[in-house]
Amino acid sequence: MNKNSKQSITIHDVARVAGVSKSTVSLVLRGGKTSALAQQKVRSAIEQIGYVYNREAASMRSKSSDLIAIVVNDLTNPYCAKLAVALETHIRQLGFMTTLVNTNENALTQAQVVAKLQEYRVKAFVIYPSLNTQASWLNQLNTASTQVITIMRQVTNSHVPCVLPNNEDGIYQATHSLIAKGHKHIAFIGGDAVASDHTARISGFHKALNEHNDVQSWVFNSSASRHGGRLAMSECLAQVPLVESVVCFNDLVAYGAIEYIKEQGLTPGLDIAVIGFEDLEDSQLMSPPLSSVHISTDEIAQTVCNLIDNNTQDGLYEVPAKLIKRRS
């Protein structure tokens, strides 16, 4: 068969030879979910008639490709990295390819990398928004051919769907458990006050406190890192030497807090209780094992995939949070 005759072979020819529908052939070519028998028929037909799939032309016809971009604010954060892996795994099961970029918590970098990715006719952007992300930018990015989904942080006044943990309830559970143990001096440490996830977690903290009029509380902000946890715990102990427990913005902050508490000759879990958020795998290996609010990365990824599969254009979707009690 010469080159010109090969170019004239279409997806309809593959479907006719394979004895399946055109949509089934398309699913197989894109790596979508089909039966093993259908895949065998289609691939045999492709080999028999010499069909070559032109992915670029298919993208041109559909005005988008089968590429989904995952844009993450901080891949050095272990939870973000774990979430990115979960997203890649679940998205590929839908039959799409993924590309992953890191924005280093910088809104300008975020805008630049997204603009570059638009040249590749990305089907959807899954974005963990950097601080100072503008709602107008997200709304403009969302088009008939390009879906936009934000995760982990909600951008006020944006009209795109958002998937995030139930931050308020998670911290409420953590704070309530400490109050139930009789703690009267409780601090919340870590996190950037301008971030929506910090706002929601602080809301859960105060919700639990407001149920009791005999508990004193403090808030010490810092970067959401191990070093930030050390600094916040240092400030906390300097101002509140009788603090009984700390609820931490995330597990990294809790790790730093535990280190600093030990350096002061105190015992985490006995002298000062510590609770984290996200429940990283290393948390159960800490000394003592860290109590933490568990957020399933698989549940977040699956929820995102449901939105992609249904081309959902708006709404807030919260994944449950569950306090895991350990010895800290």
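Just to be sure I understand, if you calculate semi-axes √(5λ) of the Cα gyration tensor in Å for this structure, which of (1) 49, 19, 16; (2) 103, 16, 14; (3) 33, 23, 18 do you get?
Looking at semi-axes √(5λ) of the Cα gyration tensor in Å for this model, the match is (1).
Calculate one ³J(HN,Hα) per residue across segment 290-295 by plugging θ = phi - 60° into the Karplus curve 6.51 cos²θ - 1.76 cosθ + 1.60, and present them in order as whole Hz with x for glycine and proline.
Working through the residues one at a time gives 7, 5, 7, 8, 7, 10 Hz.
Computed FRET efficiency, Cβ-Cβ of Leu270 and Val194, R0 35 Å: what is it to the nearest 0.05? Could you put the intermediate results ahead of the total?
Values: r = 35 Å, r/R0 = 1.00.
It comes to 0.50.
Which one of Ser35, Ser26, Ser223 has the biggest mean-square fluctuation once the chain is modelled by GNM with Cα springs under 10 Å?
Ser35
Going 7 Å from the Cα of Lys82 along its beta-carbon direction, which residues of segment 312-326 have the amide nitrogen within less than 20 Å of the resulting point?
It comes to 318-326, nothing else.
Place the peptides 249-258, 69-78 in order of packing, highest mean first, counting for every residue the other Cβ atoms within 10 Å and averaging per peptide. Numbers along the way, then the final one.
Working: 249-258: 28.0, 69-78: 19.9.
Highest to lowest by the protection proxy: 249-258, 69-78.
May I ask which residue of Thr34, Asn306, Pro288 lies farthest towards the positive end of the charge dipole of the chain, with charges of +1 (Lys, Arg) and -1 (Asp, Glu) on Cβ and the Cα centre as origin?
Thr34
What is the chain's relative contact order, in percent, from Cα pairs under 8 angstrom and six or more apart in sequence?
Details: 621 pairs, mean separation 48.7, N = 328.
Dividing the mean separation by the residue count of the chain yields 15 percent.
Rank Trp218, Tyr255, Leu178 by how far each Cα sits towards the positive end of the charge dipole of the chain (+1 on Lys, Arg Cβ; -1 on Asp, Glu Cβ) and give me just the farthest.
Of Trp218, Tyr255, Leu178, it is Tyr255.
Rounded to the nearest 20 debye, what is the charge dipole size of the chain about its Cα centre when +1 sits on each Lys and Arg Cβ and -1 on each Asp and Glu Cβ?
Numbers: 28 positive and 29 negative charges, 321 e Å.
So the magnitude is around 1540 debye.
With springs connecting C-alpha atoms under 10 Å apart, model the chain as a Gaussian network and identify which of Ser225, Ser145, Ser292 has the largest mean-square fluctuation.
Ser145
Computed over the Cα atoms, what is the radius of gyration of segment 199-311 divided by 2.2 N^0.38 Å, N being its residue count? Intermediate values should be presented prior to the final figure.
Working: Rg = 16.1 Å, N = 113, 2.2 N^0.38 = 13.3 Å.
Rg over 2.2 N^0.38 Å, computed on Cα atoms: 1.21.
How large is log10 I(q)/I(0) at q = 0.14 Å⁻¹ when the Debye formula is applied to the Cα atoms of segment 3-53, each weighted equally and without solvent?
Here the Debye-derived log intensity ratios amount to -0.29.
Of the peptides 95-102, 297-304, 148-155, how do they stack up when ordered by the mean number of other Cβ atoms within 10 Å, highest first? Provide the component values of the computation, followed by the final result.
Values: 95-102: 17.2, 297-304: 19.9, 148-155: 23.0.
Ranked by mean Cβ neighbours within 10 Å, highest first: 148-155, 297-304, 95-102.
Note the angle between two axes, namely the Cα long axis of helix 78-93 and the longest principal axis of the Cα atoms of the chain, as a number of degrees from 0 to 90, rounded to the nearest 10.
Tilt relative to the chain: about 30 degrees.
Given the options Val247, Val20, Val28, which has the most mean-square fluctuation in a GNM of the chain, springs set between C-alpha atoms less than 10 angstrom apart?
So, out of Val247, Val20, Val28, the one fluctuating most is Val20.
I need the peptides 272-280, 232-240, 103-111 ranked by packing, meaning the mean over residues of other C-beta atoms within 10 angstrom, with the highest value on top.
Details: 272-280: 25.9, 232-240: 19.1, 103-111: 17.2.
Going by the mean number of other Cβ atoms within 10 Å, highest first, we get 272-280, 232-240, 103-111.
Nearest 10 degrees, 0 to 90: what angle lies between the long axis of helix 196-209 and the longest principal axis of the chain (Cα atoms)?
40
Give the percent of DSSP beta bridges with both residues in the chain that are antiparallel, rounded to the nearest 5. Don't skip to the answer; put the middle values down first.
On the way: 4 of 41 bridges.
Looking only at bridges with both residues in the chain, the antiparallel portion is about 10 percent.
Which far-off residues, 5 or more places away or on another chain, put their amide H under 5 Å from the one on Leu323, with H placed in the peptide plane?
Under 5 Å from the amide H of Leu323: His294.
Just so you know, all these numbers are worked out from the coordinates, no wet-lab data involved. Keep in mind that this is a model prediction, so the values were computed, not measured. Note that we place each Cβ from the backbone using ideal geometry, even for glycine, and neighbour counts take in every protein chain shown.
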